[in-house]
1. Could you tell me which of the residues 311, 298 is small (Gly, Ala, Ser), in contact (Cβ under 8 Å) with a residue 24 or more places away in the chain and out of contact with any Phe, Trp or Tyr (no Cβ under 8 Å at 6 or more places or on another chain)?
2. Quick check on residue 35: is it in contact with a strand residue (DSSP E or B) (Cβ under 9 Å, 6 or more places away or on another chain), within 16 Å of the ligand (Cβ to nearest atom) and among the charged types (D, E, K, R)?
3. For residues that are assigned to a helix (DSSP H, G or I) and polar (S, T, N, Q), scanning just the stretch 294-331, find the one that is nearest to residue 252 (Cα to Cα).
4. Within the stretch 31-73, work out how many residues are closer than 22 Å to residue 192 by Cβ, of a type in the set (Lys, Arg) and in a loop (DSSP other than H, G, I, E, B).
5. Is it the case that residue 124 is buried (at least 23 other Cβ atoms within 10 Å of the Cβ), out of contact with any Lys or Arg (no Cβ under 6 Å at 6 or more places or on another chain) and assigned to a helix (DSSP H, G or I)?
6. Is there a residue being under 30 Å from residue 15 (Cβ atoms), in contact with a Lys or Arg (Cβ under 7 Å, 6 or more places away or on another chain) and at pLDDT 95 or above anywhere in the stretch 143-156?
7. Among the numbered conditions (1) under 19 Å from residue 104 (Cα atoms); (2) in contact (Cβ under 8 Å) with a residue 40 or more places away in the chain, tell me where residue 55 comes up short.
8. Quick check on the stretch 169-178. Is at least one of its residues surrounded by 16 or more Cβ atoms within 10 Å (Cβ to Cβ) and in a helix (DSSP H, G or I)?
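The values are calculated or read from the model by the stated rules, or taken from the named source; none is laboratory data. Here the structure is a predicted model, which means the values were calculated and not measured. Note that each Cβ is placed from the backbone with ideal geometry, even for glycine, and that neighbours are counted across all protein chains shown.
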Amino acid sequence: MTNLPNATQEIKKLLVLIKKHSKFVAVAHECPDGDSLGSALAMACVLRKLKKDVLILSDMVPEKYRYLPLIKDVSAKAPADIKDRVALLFDIPTLDRLGAIETTVKKCFSLVNVDHHLSNRLYGAINWIDTKASAVGEQVFELAKKLGVPLDKDIASCLYTSIVTDTGKFEYANTTPRTHRITAELLATGIKHQEITEQIYENYPKEKLALLAGALSSLKLECDGRVAWMAVTQELLNRSGVTIEWTDDIINFARGIRGVEVAVVFKEVCDPAGFRISFRSRKPEVVDVNTIARTFSGGGHKAAAGCNMVGGLQSVSQKVLGEIRNAYNAR
Ligand SMILES: [Mn+2]
């Protein structure tokens, strides 16, 4: 495990950089989740309060996050002055997670890496990695305080989105007393938290259920019922008529089966032809999915990770399940 840079030092460097510089881009990862997008948008709100010039970059905006403030400013296009801008990257452990905007972001004047993944590759000029933060949103909250920017409803709804999604509505083990203390301050701004969670979780197109039905019918159990996996193929996506953005919570159905410790979902992608693989572990001390994903050049947290692999479902699933079997046998 790489030694993480001293957080206090990195935050200090970041505060100096923000004071000194005037042009920024806040960046979210490909097909962004609530944490990456919420953190980038919250930071954009904070920087604009400080009269900074800040743009927001992401390859796309999932429909369920269209309620977020500043969402209309999110773009995948490189601005003409990209070379003068400091890029602030949120929830992005490796640069290849940027997807279509990777080359654009690399053109920036400097990269600042704000993340909470154990697997972070420390690619920034500044690398502030807090593996204890349930969501990067907790780090942005801390940064706003240090910059002296008071919370408003816009900032709070972005940060609430970030935290509620990465903690699985405060269910996962990453939820801490700090998470709840921060959330209490967010709610105190008067945000309508129920409207936010409705937008995220109870506002899907009916076609999503066709996708879910197809994915559930592919369910298989391995390792005496301790491992469950499903596949979302391009054929299924086409047949159900929804895009990959609606597949993010399917893994929870596999994860929740009694006796299952590790859940895996294989999502077929086109470029390059292969799969995006998501992992969840309910027993990270037995099977650490960050380690499994790292075997295939991915990563994440011990209990939630991902990787990309080239190849057909048969070969890719065999390799991944073989690695999980090895993890059990090694014990
Ligand atoms: Mn996150």
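1. After ruling out the rest, the residue left standing is 298.
2. yes
3. If we take residues in the stretch 294-331 being assigned to a helix (DSSP H, G or I) and polar (S, T, N, Q), then 317 is nearest to residue 252 (Cα to Cα).
4. 1
5. Working: buried (at least 23 other Cβ atoms within 10 Å of the Cβ): yes; out of contact with any Lys or Arg (no Cβ under 6 Å at 6 or more places or on another chain): yes; assigned to a helix (DSSP H, G or I): no.
In short, no.
6. yes
7. Only one criterion in (1) under 19 Å from residue 104 (Cα atoms); (2) in contact (Cβ under 8 Å) with a residue 40 or more places away in the chain is unmet by residue 55, namely (2).
8. No, the conditions are met nowhere in the stretch 169-178.
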